[in-house]
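First comes the structure, then the notes that go with it.
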Amino acid sequence: LNAIVAEKNPGKSYRLTNDTRFVLAMLCCYFAQDKDFLWYCNQRIDGRPVLITGTPSLDKGLGLFGPTGVGKTDTLRAFLHNPRLSFAYLNAKKLPGIFESEGYMGLSRYYSFQKGVLSTHFGQEKIGLFVDDIHAEDVGSHFASSCETVENVLYQRWERLPGNYTHFTTNNKVSELGKRYG
C-alpha cells in the first residue's frame, strides 16, 4: 500500500489505523475466500455496521463506500493481483469517453470475460473488474444515443457474467446510487 500511495504522492505513505487494519484483514479474508470474511462483515466500526445492506457472501463482488480521500481506491488496488480473485481496474470517469468514441461496442469489452495475464494474475484465465469512483462520471453520448455507462456495464456484467466478480468504490451513499442507476 505504501508503494501505491507513494506512486501518486511521492513521500507520502498509507495511513494505517485500527479501522484500516480491520478493513485490510476483512479484505484479505475475502480475497482468500476465507469464511472469516463473514464474521468481519457483521461487526461495527465506530458504532456503524460494516455491512450497509444485503447479506455478506464470498460469491459476490465488493462495494466500498466512504468520503473522498480515505483510501478506498488504493486499498482495492492493493488486491488487483491476488492468487484467488484477480481483477482489472477501470476508472468510471473513462466510460463516457469510451462510449462517445466507440458506442456500445466499446463498453462491451467490460461485460465480456476479462482475460487474465499469466504473469500477474497467477494463471487465472478469467478475472473480475474493479470500477473505481462510480457516480462521479458523466452520462455518455454517441451520435443520438445517451447512456448511463456505469449502469450499463454493471447491469450487463450481472446478466452475462454470473459468478464473475465486480467491485466498485464510491463517495456516495447507497440511496444516491439507487436514484441514479436504479
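Please state which of the following conditions D34 fails to meet, knowing it meets all the rest: (1) open to solvent by 40 Å² or more (accessible area, probe 1.4 Å); (2) farther than 17 Å from V70 by Cβ; (3) not in a loop (DSSP other than H, G, I, E, B). Here D34 meets the rest and fails (3).
Only a single criterion out of (1) open to solvent by 40 Å² or more (accessible area, probe 1.4 Å); (2) hydroxyl-bearing (S, T, Y); (3) modelled with pLDDT of 90 or more is not satisfied by S146, namely (3). Is it the case, given these coordinates, that R21 is in contact (Cβ under 8 Å) with a residue 40 or more places away in the chain and open to solvent by 40 Å² or more (accessible area, probe 1.4 Å)? So R21 does not fit the description; no.
Of all residues in region 35-63, those that are within 20 Å of F168 (Cα to Cα) have Cβ atoms under 6 Å from Cβ atoms of residues that are of a type in the set (S, T, Y) and surrounded by 15 or more Cβ atoms within 10 Å (Cβ to Cβ), 6 or more apart or on another chain, in F37/Y30; G61/Y165; G61/T166. Check whether at least one residue in region 23-44 is β-branched (V, I, T), over 20 Å from the mean Cα position of the chain (by Cα) and modelled with pLDDT of 85 or more, and report yes or no. Scanning region 23-44 turns up no residue that is β-branched (V, I, T), over 20 Å from the mean Cα position of the chain (by Cα) and modelled with pLDDT of 85 or more. For V153, work out the one condition from (1) without any contact (Cβ under 8 Å) to a residue 12 or more places away in the chain; (2) aliphatic (A, V, I, L, M); (3) open to solvent by less than 20 Å² (accessible area, probe 1.4 Å) it doesn't fulfil. It fails just one condition, (1).
Of everything in region 84-122 that is open to solvent by less than 90 Å² (accessible area, probe 1.4 Å) and out of contact with any strand residue (DSSP E or B) (no Cβ under 9 Å at 6 or more places or on another chain), the residue that is modelled with the highest pLDDT is S108. Flag: P67 does not match the condition of being in contact with a helix residue (DSSP H, G or I) (Cβ under 7 Å, 6 or more places away or on another chain), open to solvent by 20 Å² or more (accessible area, probe 1.4 Å) and either in a loop (DSSP other than H, G, I, E, B) or hydroxyl-bearing (S, T, Y) (or both). Residues that are open to solvent by 70 Å² or more (accessible area, probe 1.4 Å), of a type in the set (A, V, I, L, M) and touching a helix residue (DSSP H, G or I) at 6+ places or on another chain (Cβ under 9 Å) within region 1-18 comprise just one, L16.
Any idea which of S141, S101, S146 is hydroxyl-bearing (S, T, Y) and outside any strand (DSSP E or B)? Within the list S141, S101, S146, the selection yields S101.
Cβ-Cβ distances below 8 Å connect no pair with a first residue in region 103-125 that is in contact (Cβ under 8 Å) with a residue 60 or more places away in the chain, a second residue that is part of a loop (DSSP other than H, G, I, E, B), and a separation of six or more residues or different chains.
The values are calculated or read from the model by the stated rules, or taken from the named source; none is laboratory data. Fair warning: this is a prediction, and the values are worked out from it, not measured in the lab. When we count neighbours, we look across all protein chains shown, and the Cβ atoms used for this are built from the backbone with ideal geometry, even at glycine. Heavy atoms of the whole protein, side chains included, go into the accessibility calculation; ligands, DNA and RNA do not. Shrake-Rupley method; radii C 1.70, N 1.55, O 1.52, S 1.80 Å.
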